[in-house]
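A quick write-up on the structure given underneath.
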Amino acid sequence: PTSTLDWCEENYILSSWLAEAWNASSNIFFQILPLIGLVSVWKTHAEARFAVAYVALMLTGVGSFLFHGTLLYSAQLLDELPMVFGGCVSVYVQLQMWGTPRHRPLTVALLALYGLSTALIYLYLRAPIFFQSSFGILTFFQVLLNGVNVAWAAAAYPAHKRTLWGGFAAGVGAFLAAYALWTLDQKLCPTLQSTRAVLGYPLSPLLELHAWWHVLTAFAGYVAVSGAQFARALVLGRKDVRVFYGGGILPVVWGLEVGKLKEW
């Protein structure tokens, strides 16, 4: 391995092809959930930036799969840099909730500058803490802007207040839980490894906490984009778009013709 990071999952235990099999395979959620979002964008004729945001999530998942599957530094960059640029896209989506076209070039330029400068400095420093701090700043602003947008939208469209705040709470809650597990995976690694050895299969994978980080952040990212997609539809005066529960648990932005799904 040439990466600057190696996570708590034991390497090459399940397969000689994948360094961290559970951490790698859990990225499937970064493909499934954004794919649902892309279908939603197509079906509801949402603006292109939402499709870009979903694709950014998918690219993050692909990079993460390659990183955890190989533990190569080049693959690590394919994991981390899409997270930064995807974060920039998410911030852009929130900033454009009430914006006008004349503001877009400046917004794009500033976010692109942030992403590029972060990438160049990180390539020079090769310090994970710098990347984590840069991504943390983006995440903080995305959540802050999301909360402000939800508050404004809930006040402007009180009939959808529960939908808007419910999606926000689900996304933030999932991310906080993911961050807690990500931290515990590092702080308690020896304990987790010994406990997994005692438990054996099929229970031991339940303690692969970094894999759960992938599952929960994929859900949080999807909910953040889909929530913004629905709020934007309200701002544009769309009365034919609602949020429904897919399978009784997954919020999906869809047209009213899908009336048999349970509305959230």
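The values are calculated or read from the model by the stated rules, or taken from the named source; none is laboratory data. It should be emphasised that the depicted structure is a prediction, and the values quoted were computed from it without experimental measurement. Because the Cβ atoms are built from the backbone with ideal geometry, glycine has one as well, and the counts that use them run over all protein chains shown.
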Screening Phe141, Phe131, Phe168 for residues that are closer than 15 Å to Arg232 by Cβ, part of a helix (DSSP H, G or I), touching a helix residue (DSSP H, G or I) at 6+ places or on another chain (Cβ under 6 Å) and hydrophobic (A, V, I, L, M, F, W, C) leaves only Phe168
Find the residue count for segment 7-58, including only residues that are farther than 30 Å from Leu192 by Cβ, under 18 Å from the mean Cα position of the chain (by Cα) and of a type in the set (Ser, Thr, Tyr). 2
Mind listing whichever residues of segment 12-41 are part of a loop (DSSP other than H, G, I, E, B) and surrounded by 15 or more Cβ atoms within 10 Å (Cβ to Cβ)? Leu14, Leu18, Ala19, Glu20
Quick check on segment 200-209. Is at least one of its residues in a helix (DSSP H, G or I), out of contact with any Lys or Arg (no Cβ under 6 Å at 6 or more places or on another chain) and of a type in the set (Asp, Glu)? no
Find all pairs meeting these conditions: Cβ atoms under 9 angstrom apart; at least six residues apart or on different chains; first residue within segment 200-211 and without any contact (Cβ under 8 Å) to a residue 12 or more places away in the chain; second residue surrounded by fewer than 23 Cβ atoms within 10 Å (Cβ to Cβ). Leu203/Arg196; Ser204/Thr195; Ser204/Arg196; Ser204/Ala197; Ser204/Val198; Leu206/Arg196; Leu206/Leu199; Leu206/Trp212
Could you tell me which numbered condition Leu125 fails, if it satisfies all but one of (1) under 19 Å from the mean Cα position of the chain (by Cα); (2) loosely packed, with under 15 Cβ neighbours inside 10 Å? (1)
Can you tell me which residues in segment 231-245 are more than 14 Å from Ala46 (Cβ to Cβ) and either touching a residue at least 60 places away in the same chain (Cβ under 8 Å) or in a strand (DSSP E or B) (or both)? Phe244, Tyr245
All but one of (1) assigned to a loop (DSSP other than H, G, I, E, B); (2) modelled with pLDDT of 95 or more; (3) not basic (Lys, Arg) hold for Gly248, so report the exception by its number. (2)
Filter result (part of a helix (DSSP H, G or I) and either surrounded by fewer than 19 Cβ atoms within 10 Å (Cβ to Cβ) or touching a strand residue (DSSP E or B) at 6+ places or on another chain (Cβ under 7 Å) (or both)) within segment 67-77: Tyr73, Ser74
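Table: residues versus (1) closer than 21 Å to Ala56 by Cα; (2) among the aliphatic types (A, V, I, L, M).
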| site | (1), (2) |
| --- | --- |
| Gly171 | yes, no |
| Ala174 | yes, yes |
| Gln193 | no, no |
| Val198 | no, yes |
Looking for whichever is under 19 Å from the mean Cα position of the chain (by Cα) and closer than 30 Å to Val241 by Cα here; the options are Leu176, Leu209. Which one fits? Leu176
